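For reference, the structure is listed below as structure tokens.
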Amino acid sequence: CSHERAIKCLISVNRLNDVRFVNKLLEASNDVLPDGGLFFCHVETAFIRKSRIFQTYPKPISKVIYLFHFIFKRVSPKLPLIKKVYYFLTHGKNRVISEIEVYGRLYSCGFELLDSKVINGETWVVGKKHKPLTLKPHTDR
């Protein structure tokens, strides 16, 4: 394999919100990229989603919608018995992910954060591979 043909950049076409096993995606990207390689991904963060809900509906209605959204999308995936039903219904799509969670997952999978920017209601993140994975692979929730 020629170094000139090596992959130097990966772009995730799917939002991280729709990736069932985010850490596995990041670990696989780490395996493919050389040191210094770039990984681009995008996510609708929890803050952006909350803002979107409150901008879409009148205030009293948006509060009720957000309450149910929070319980279904943030609480139910954490409860052992309900978790299975949640993933059966959603297939892990359209999950709520905080911006800090994205940064933490990137870092734990061997990337350093280079930049992030909100574009068209999604946060685009650029990570640079700074170390190979040395620990056993993560298990996603």
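Quick notes on this one:
- Segment Lys8-Phe68, length gained on full extension (0.36 nm per residue, minus Cα span): 17.4 nm
- Percent accessible area from carbon and sulfur atoms, the chain, protein chains only, probe 1.4 Å: 63
- Annotation: extensible slack from Phe21 through Lys59 equals 10.2 nm (criterion: 0.36 nm per residue apart, minus Cα-Cα distance).
- Listed residues Pro77, Pro60, Pro34, most fluctuating in the chain (Gaussian network, C-alpha, under 10 Å): Pro60
- Taking 0.36 nm per residue of separation and subtracting the current Cα-Cα distance, fully stretching the chain between Lys117 and Leu79 would add 10.4 nm.
- Cleavage-rule hits, trypsin sites (Lys or Arg not before Pro), segment 51-112, DSSP coil, Cβ neighbours within 10 Å at most 16: Lys93
- Taking every protein chain into account, the accessible area of the chain amounts to 64 square angstrom per residue (probe 1.4 Å).
- Placing +1 on the Cβ of every Lys and Arg and -1 on the Cβ of every Asp and Glu, with nothing else charged, gives segment 1-99 a dipole about its Cα centre of roughly 720 debye.
- These residues, Val126, Val118, Val102, go from largest to smallest accessible area, 1.4 Å probe, as Val118, Val126, Val102.
- In the structure shown, the pairs Lys78/Lys129; Lys73/Lys93; Lys84/Lys117; Lys8/Lys128 are assessed against 22 Å; a Cα-Cα span above that value is assigned to Lys78/Lys129; Lys84/Lys117.
- Only DSSP H runs of four or more residues enter the estimate; each adds -39500 (n - 2.57), and after division by the residues of the chain the mean residue ellipticity at 222 nm equals -12000 deg cm²/dmol.
The values are calculated or read from the model by the stated rules, or taken from the named source; none is laboratory data. The model shown is predicted, which means the values in this text are computed figures rather than measured ones. When we count neighbours, we look across all protein chains shown, and the Cβ atoms used for this are built from the backbone with ideal geometry, even at glycine. For the accessible areas, the whole protein counts, side chains as well, though only heavy atoms, and no ligand, DNA or RNA atoms are used. Shrake-Rupley method; radii C 1.70, N 1.55, O 1.52, S 1.80 Å.
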